[in-house]
Amino acid sequence: MSSPPQDFQFLFPSSPVQDLLAERDKTYIISTLFRNATLPAWQWLVQTYSKEEMSTVLKTTKTLRKKDVMIWASYLHIPTTEIVCLQTKSQTGLKSSWTY
């Protein structure tokens, strides 16, 4: 495995693509492509990583949006009850930035 293609640089705004290694940075790459991807990026993702690797990231990453999770949960056949970012416990925090 190597780095993601240079064409995907716009999908990784905080990291130079040439510095990413597919195996070492797998969690970051997978979660980023779950969130910000084009069809070619998704094709690369599916060709590069196994369903098990993608499933592990999908189940444990807390920063994904519901719409991103749902499409991948369907593709990977993962019940939503197994996905941490969809559980209310992972969504706790202040309801407002105003303190009264």
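When residues of segment 63-84 are filtered for being farther than 16 Å from TRP42 by Cα and surrounded by 10 or more Cβ atoms within 10 Å (Cβ to Cβ), how many remain? It would help to see each step written out before you state the result.
At the first step, the residues of segment 63-84 found to be farther than 16 Å from TRP42 by Cα are 63, 65-66, 77-84.
Keeping just the survivors that are surrounded by 10 or more Cβ atoms within 10 Å (Cβ to Cβ) gives 63, 65-66, 78, 80, 82-84.
Of the residues in that region, 8 qualify.
Could we say that TRP42 is under 17 Å from ASP7 (Cβ atoms), among the hydrophobic types (A, V, I, L, M, F, W, C) and modelled with pLDDT under 95 here? Quick ask: steps written out before the conclusion?
Numbers: under 17 Å from ASP7 (Cβ atoms): yes; among the hydrophobic types (A, V, I, L, M, F, W, C): yes; modelled with pLDDT under 95: yes.
So TRP42 passes the test.
Pairs needed: first member in segment 45-57, closer than 16 Å to LEU11 by Cβ; second member anywhere, open to solvent by less than 40 Å² (accessible area, probe 1.4 Å) and hydroxyl-bearing (Ser, Thr, Tyr); C-beta distance under 8 Å; at least 6 residues apart or different chains.
Note: pairs meeting the criteria are VAL57/SER31.
Does segment 71-89 include one or more residues that are at pLDDT below 90 and assigned to a loop (DSSP other than H, G, I, E, B)?
yes
Just name the residue that is surrounded by the fewest Cβ atoms within 10 Å (Cβ to Cβ) out of those in segment 1-52 that are part of a helix (DSSP H, G or I), among the aliphatic types (A, V, I, L, M) and under 15 Å from the mean Cα position of the chain (by Cα).
Taking segment 1-52 as the starting set, the residues that turn out to be part of a helix (DSSP H, G or I) are 6-11, 17-19, 26-35, 39-48, 51-52.
Those still in the list that are among the aliphatic types (A, V, I, L, M) too: 11, 17, 29-30, 33, 39, 41, 45-46.
Add one more test, that the residue is under 15 Å from the mean Cα position of the chain (by Cα), and what stays is 11, 29-30, 33, 39, 41, 45-46.
Numbers: LEU11: 17, ILE29: 28, ILE30: 22, LEU33: 25, LEU39: 7, ALA41: 20, LEU45: 20, VAL46: 13.
The selected residue is LEU39.
The values are calculated or read from the model by the stated rules, or taken from the named source; none is laboratory data. Source: prediction; values computed, not measured. All Cβ positions, glycine included, derive from the backbone under ideal geometry; neighbour counts span all protein chains shown. Ligands, DNA and RNA are excluded from the accessible area calculation, which covers all protein heavy atoms including side chains. Shrake-Rupley method; radii C 1.70, N 1.55, O 1.52, S 1.80 Å.
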